[in-house]
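The values are calculated or read from the model by the stated rules, or taken from the named source; none is laboratory data. Not measured: the values here are computed from a predicted model. So basically every Cβ, Gly included, is an ideal-geometry build from the backbone, and we count neighbours across all protein chains shown. Only protein heavy atoms, including side chains, enter the accessible area calculation; ligands, DNA and RNA are left aside. Shrake-Rupley method; radii C 1.70, N 1.55, O 1.52, S 1.80 Å.
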Amino acid sequence: MSDEGPELELVHLLRRVTVEFGLRQAEFASLHGMHSTDVRALICLLDAERAGTAATAGWLGPQLGLNSAGTTSLIDRLERLGHLTRVRDARDRRRVLLSVTPRARELGRAFFGPLIEDTTAVLRDLDDNGTAAVRRFLEAAHRAVATTPPSAT
């Protein structure tokens, strides 16, 4: 055990996990002729779908830190690759909704499925208190990363 204490050791472990996951995302992107931002966009769109959020170009750009031109370029690229579709909103025909294609879902499932299954298997071994503790930690870590401004050097 290091002199850093168990809390900092867990923070470093979380960093190691996120770095490795980022490497897997980059590998997936490279394998399928995409940029890492393309993969992040697909993840955002899948997350939006799970949350019931209508995903539009105007919504997606800020999620990725892209301007309008960059967002359009990314959407065009993902559409050309067959990973994304644009569909007029049935309730508001002025609005165009973005959706991940079944093909992109299958590519993601084939690549990330084993990683997800291994991770969920570990979580299934936890009792309700353990699961709740993991959730609290990950939610707090996400809040910290999402809201702490970068330091100016």
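General observations
- The residues listed here are G61, G113, G70, G22; of these, the one that is closer than 19 Å to V145 by Cβ and assigned to a helix (DSSP H, G or I) is G22.
- Condition check for D92: over 18 Å from R50 (Cα atoms), in a helix (DSSP H, G or I) and either in contact with a His (Cβ under 9 Å, 6 or more places away or on another chain) or not hydrophobic (A, V, I, L, M, F, W, C) (or both): no
- For first residues located in segment 128-153 and among the hydrophobic types (A, V, I, L, M, F, W, C), partners that are loosely packed, with under 10 Cβ neighbours inside 10 Å and lie 6+ apart or on another chain with Cβ distances below 9 Å do not occur.
- Of the candidates L78, L64, L42, the single residue that is open to solvent by less than 70 Å² (accessible area, probe 1.4 Å), touching a residue at least 24 places away in the same chain (Cβ under 8 Å) and touching a Cys at 6+ places or on another chain (Cβ under 9 Å) is L64.
- Close pairs from segment 7-25: first farther than 17 Å from P114 by Cβ and hydrophobic (A, V, I, L, M, F, W, C), partner surrounded by 13 or more Cβ atoms within 10 Å (Cβ to Cβ) and at pLDDT below 95, Cβ under 7 Å, at least 6 apart: L14/A141
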